[in-house]
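As structure tokens, the structure follows; a few thoughts come after it.
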Amino acid sequence: MPPISTNDSVLIIDFGSQVTQLIARRVREAGVYCEIHPFQSSDAAFAKLAPRAVILSGGPASVTEPGSPRAPDTVFKSGLPILAICYGQQTTAVQLGGAVEGGHAAEFGRSDIEITASSALFDGLWEVGKRYPVWMSHGDRVTKLPDGFSVKAQSENAPFAVATDEDRRIYTTMFHPEVVHTPDGARLIANFVHHIAGLKSDWTMSAYRRVMIDKVRRQVGTGRVICGLSGGVDSAVAAVLIHEAIGEQLTCVFVDHGLMREAEAEEVVGLFRDHYNIPLVHVDASAEFLGALAGVSDPERKRKIIGKHFIDVFEAEAKKIGGGTQGASSADNAPAQFLAQGTLYPDVIESVSFSGSPSVTIKSHHNVGGLPERMNMMLVEPLRELFKDEVRALGRELGLPEAFVGRHPFPGPGLAIRIPGEITPEKLAILRKADAIYLDEIRKAGLYDKIWQAFAVLLPVRTVGVMGDGRTYDSVLALRAVTSVDGMTADFFPYDMAFLGRAATRIINEVKGINRVVYDVTSKPPGTIEWE
């Protein structure tokens, strides 16, 4: 889909950083449309997008190594404003006649920079002579600047922490402004896109809604669409948007795989049948899924098994849709030609990342990779331009109930990946009940909307305990709760002990099979494994 305003867009060239997505998040937060493209295809992306500014990401390679990634020369010759971050700064220096060396003291983590000269990048934000906290992550460093560049800030181990060519509007930073660990980083990126590049804040969910409804209508025509509902926010928002575009041409298929949270299936059916009156097929395939998962412990195998069975169910239901009702039009009789998915922009980015990129190995998804050729269906993915928080904003724009839009993320594999080891009906019953109690206590404490994601994990561990006058030998339950803005970085939620005591006591007293509850206080710095 073209950006809302083809005149106001930013191209982000990805050199494989684990946090490149966060650059896009900060640009989107500033109300400006942007796209991420790997450096290998950035020449074509530059020509197609026709951006008004370019950002070069960080990356794990060393500029000093033969064959290391480079930015297209066309970017530097274009005269467009450029913001180059970390590896981006280093390749900019080398490509424009400067030098980069390894072997110097590295900087990883929090650091302070001192502003040594004024720059348009700092206008209204940082002052000369003052120090500001930033997040560094580099081993190599620039040792010679290209002609026309001057130093604007330095740190203990980065003498060129910020170096710019103000005349050519090229701004480079050794630190990462995109991560929350650089407190003023989002404002710095906003300075770049607004004050330097002069871009308008016209990336809104209202505009996206209008453009995407038109796009879906043009793509589908008179065809039929089948949309697989998972019970989560993404597929629900996609379904409501598509229904607004094409009405009765959409049929939703809700596959109950037996891995949902307590009462979740009833909530989904009620929302779509009663609230929106969207045609819905409810398929209870729990026995089939649990049978396929029997004896499987590896989490990646679980994902693949669940993904395969989802596709199998969709394929079977797609053949039924149309049905040949007497007196119906040929379009009504036709089987579904399109399959709608709630694919998000992070999924798209990771699926096209270049080989060896951390984003390829960190995350995997049960629904990424396209459809089998035998299905002969085309994908409709109205959310593929959006991040998770943008999907929520679109859901509110579409009028979905806040209780549904604001619910915590729940992965497609459901409880299957919250039970390490083999899945059994008994384990699912234990976890489902414990998880419901945990979330109930969170809501009673008024904490649900302050937490980005909270869930319970039934650990493959049993411990000896004493309850009353009897000895028990039961399972251990782990509770998790994290705060996040974008899902890329997160920190544990700081519960007080009174809350944890109440939640643990209820779970142990009300759920047979659990005799110990622990709280996971692991943080998630940039680039670590996903919480689910």
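How long is the gain from residue 287 to residue 450 if the chain were fully straight, where each residue apart is worth 0.36 nm and the alpha carbon distance is subtracted? Value of the extension gain: 55.1 nm.
Can you show me the helix-derived [θ] at 222 nm for the chain, built from DSSP H runs with n ≥ 4 at -39,500 (n - 2.57) apiece and divided by the number of residues, rounded to the nearest 500.
The per-residue figure over the chain is -9500 deg cm²/dmol.
Of 64, 222, the order by accessible heavy-atom surface (1.4 Å probe, DNA, RNA and ligands excluded), from most exposed downward, is 222, 64.
Relative to the longest principal axis of the Cα atoms of the chain, the long axis of helix 497-510 lies at roughly 30 degrees. At full extension, residue 376 and residue 48 could sit 115.2 nm farther apart than now, given 0.36 nm per residue minus the alpha carbon distance. The dipole here belongs to the range 101-180: it is taken about the Cα centre, uses +1 on the Cβ of Lys and Arg and -1 on the Cβ of Asp and Glu, and is about 80 debye. Protection proxy ranking, highest mean first, for peptides 301-309, 29-37: 29-37, 301-309, where packing is the per-residue count of other beta-carbon atoms within 10 Å, averaged. Counting only the Cα atoms, the range 115-177 fills a convex hull of 84 Å³ per residue. Sites listed here are trypsin sites (Lys or Arg not before Pro) in the range 86-173 whose DSSP assignment is loop and whose Cβ has at most 14 other Cβ atoms within 10 Å: 130.
Remark: spin-label model distance residue 502-residue 167 equals 6.6 nm, labels positioned 7 Å along the Cα→Cβ axis. Split the accessible area of the chain by element, probe 1.4 Å, and carbon with sulfur accounts for 51%.
Taking the longest Cα principal axis of the chain as reference, the axis of helix 205-220 is set at about 60 degrees. Placing dummy labels 7 Å off each Cα toward the beta-carbon, the span from residue 211 to residue 519 is 4.3 nm. From most to least packed by mean Cβ count within 10 Å, the peptides 17-28, 46-57, 270-281 give 17-28, 46-57, 270-281.
Charges were assigned to the Cβ only: +1 to each Lys and Arg, -1 to each Asp and Glu. The resulting dipole of the chain about its Cα centre is roughly 300 debye. Using the alpha-carbon centroid of each, what span in Å lies between the range 451-515 and the range 186-227? Cα centroid of the range 451-515 versus Cα centroid of the range 186-227: 40 Å apart. Taking each residue as 0.36 nm, the span from residue 473 to residue 274 lengthens on full extension beyond its C-alpha to C-alpha distance by 67.2 nm. Using the Cβ-Cβ distance between residue 195 and residue 78 with R0 = 22 Å, the FRET efficiency computed as 1/(1 + (r/R0)^6) comes to roughly 0.70. Length, then width, then depth: along the principal axes, the Cα atoms of the chain run 71, 71, 41 Å.
The values are calculated or read from the model by the stated rules, or taken from the named source; none is laboratory data. Predicted, not measured: the structure shown is a model, and the values here were computed from it. Cβ sites come from the backbone with ideal geometry, for glycine too, and all protein chains shown count toward neighbours. Surface areas here come from the heavy atoms of the whole protein model, side chains and all, with no ligands, DNA or RNA. Shrake-Rupley method; radii C 1.70, N 1.55, O 1.52, S 1.80 Å.
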